[in-house]
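The values are calculated or read from the model by the stated rules, or taken from the named source; none is laboratory data. For clarity, every value in this text was computed on a predicted model and none was experimentally measured. Please note: Cβ atoms are built from the backbone with ideal geometry, for glycine as well, and neighbour counts cover all protein chains shown. These area figures cover heavy atoms from the full protein model, side chains too; ligands, DNA and RNA do not enter into them. Shrake-Rupley method; radii C 1.70, N 1.55, O 1.52, S 1.80 Å.
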Amino acid sequence: LKLASPCRLCPRQCGAERLSGARGFCQAGQELLVSYIGKHHGEEPPLSGSRGSGTVFFGHCTMSCVFCQNWQISQAQRNLRPLTPEELAAEFLRLQNEQAHNINLVSPTQYAPWIIQALILAKQSGLVIPVVYNTNGYESTEVLALLANHVDIYLPDMKYADNASAARYSQTANYTEHNLAAVKFMLKQKGLLRIKNDIAMQGVIVRHLVLPGLLKESKEILAVLYALNPELPVSLMSQYTPQHQAQNIHSLNRRLSAAEYNEVVEYAVNLGLENIWTQETASQDILVPDFSAAQPFTAAAK
């Protein structure tokens with residue numbers, strides 16, 4: 001827990017003395033808080049499989065996105081319950097007993113030390129399914145190094161190619177350099193995605209949510225990912241709708257159009273990325289958060 005107090009778990013390095021009751025930017029304290037634990041089928045095909053991904057949604061977040069579809073738990077701190085590492089370990093084992101394909105840790109970074117404790121306990125009691133670290137991509141390589149023996153699959157976002165956008169829409173001024181360094185570190189640590197019987201076992205999948213009006217940044221991100229490795233699996237998400245504070249921001253107060261999304265998908269295909277998952281574009285104006293992807297994923301046509 002040394003990295004949690006003073007807190008240095010994310011690149012913000014806020015230094016909050018969390019074990020003494022202080023709270024930093026993310027507002028996480030000394031208790032591990034969760035919102036939802038259960039199986040769902042909204043992840044990429046090799047994660048959801050036929051039996052679902054065992055998701056654990058943690059409270060709070062190291063970023064503050066104006067368009068967050070889960071803002072009630074990441075920013076408003078609603079409906080959160082505390083768990084000890086022992087209780088969390090028991091939940092991991094329950095998900096395995098319910099035949100989930102993996103343990104999917106959603107927005108976990110602010111609780112990384114507690115989660116590591118829980119994973120050690122769970123593995124001592126028989127946890128064998130892969131562990132997915134499902135993150136906004138704003139990560140410290142120091143923390144990622146600590147996760148090496150505990151996490152099998154990294155599922156990071158790559159949200160922005162411009163720090164001005166990261167600052168404006170997520171209050172994270174130094175996102176891009178830390179995000180790229182983190183993805184490179186993840187790839188070095190776990191390598192490309194390995195799949196067995198159609199289920200992901202180890203490796204990295206990068207997600208990118210296409211935002212309305214920011215297609216240039218989407219294309220820049222795809223070019224970066226191609227340069228890292230054309231075989232790197234990329235999940236292009238179309239599920240943006242104006243959630244939370246985005247409803248009051250002119251540039252974001254509309255859903256993504258099919259034309260915009262298709263332009264980004266076509267760019268990715270023409271660029272030469274070899275493993276792309278896509279979604280249908282959203283048909284609703286506002287989605288009700290349901291702790292799952294808005295649309296199912298399919299492979300992009302080459």
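Across the chain, C-alpha contacts under 8 Å between residues 6 or more apart give a mean separation that, scaled by the residue count, equals a relative contact order of 16 percent.
Rounded to the nearest 20, the Cβ-based charge dipole of the range 1-148 about its Cα centre (Lys and Arg +1, Asp and Glu -1) stands at 180 debye.
For the cross-link pairs K159/K184; K190/K216; K123/K159; K2/K159, which exceed 25 Å when the distance is taken from alpha carbon to alpha carbon?
Too far apart for the 25 Å limit: K190/K216; K123/K159; K2/K159.
State whether the range 22-112 is rounded, prolate or oblate according to the following rule on the C-alpha gyration tensor (a ≥ b ≥ c being the square roots of its eigenvalues): a/c under 1.5 gives rounded; otherwise a/b larger than b/c gives prolate, and the remaining case gives oblate. Verdict is oblate for the range 22-112. Entry comment: accessible area of the chain is 41 Å² per residue, from protein heavy atoms only and a probe of 1.4 Å. Computing FRET efficiency as 1/(1 + (r/R0)^6) for L1 and E177, where r is the C-beta to C-beta distance and R0 is 22 Å, gives about 0.25. The apolar share of the surface of the range 2-207, taken as the fraction of accessible area on carbon and sulfur atoms (1.4 Å probe, ligands and nucleic acids excluded), comes to 48 percent. Using a cut-off of under 16 Å, list every residue of the range 140-155 whose amide N is near the label point 7 Å from the Cα of L192 along the Cα-to-beta-carbon line. Answer for this model: none. Which net charge results when you count Lys and Arg as +1 and Asp and Glu as -1 among the other residues whose beta-carbon is under 13 Å from that of K2? Here the count lands on 0. Think of each Lys and Arg Cβ as +1 and each Asp and Glu Cβ as -1; about the Cα centre, that makes the dipole of the chain roughly 440 debye. Tell me, how many Å apart are the Cα centres for the range 140-216 and for the range 224-259? The two parts, judged by their Cα centres, are 15 Å apart. Pull up the DSSP beta bridges for the chain and report the antiparallel fraction as a percent, rounded to 5. Bridges in the chain that DSSP calls antiparallel: roughly 45 percent. Near Y261: Cβ cut-off under 12 Å, other residues only, Lys/Arg at +1 and Asp/Glu at -1. The net charge is -3.
Just the number, please: Stokes-Einstein D of the range 125-272 in µm²/s, Kirkwood Rh from C-alpha pairs, 25 °C, 0.890 mPa s. Value of D from the Cα-based Kirkwood radius: 151 µm²/s. Each other residue within a Cβ distance under 13 Å of G191 adds +1 if Lys or Arg and -1 if Asp or Glu, for a net charge of +2.
Among [x] 1.03; [y] 1.15; [z] 0.94, find the value of Cα Rg over 2.2 N^0.38 Å that was calculated from the structure presented, and write down its label. Answer label, from the structure shown: [z]. For the chain, with a Gaussian network of springs between Cα atoms less than 10 Å apart, report the residue from A166, A118, A258 with the top mean-square fluctuation. Comparing A166, A118, A258 in a Gaussian network model of the chain, the most mobile one is A258.
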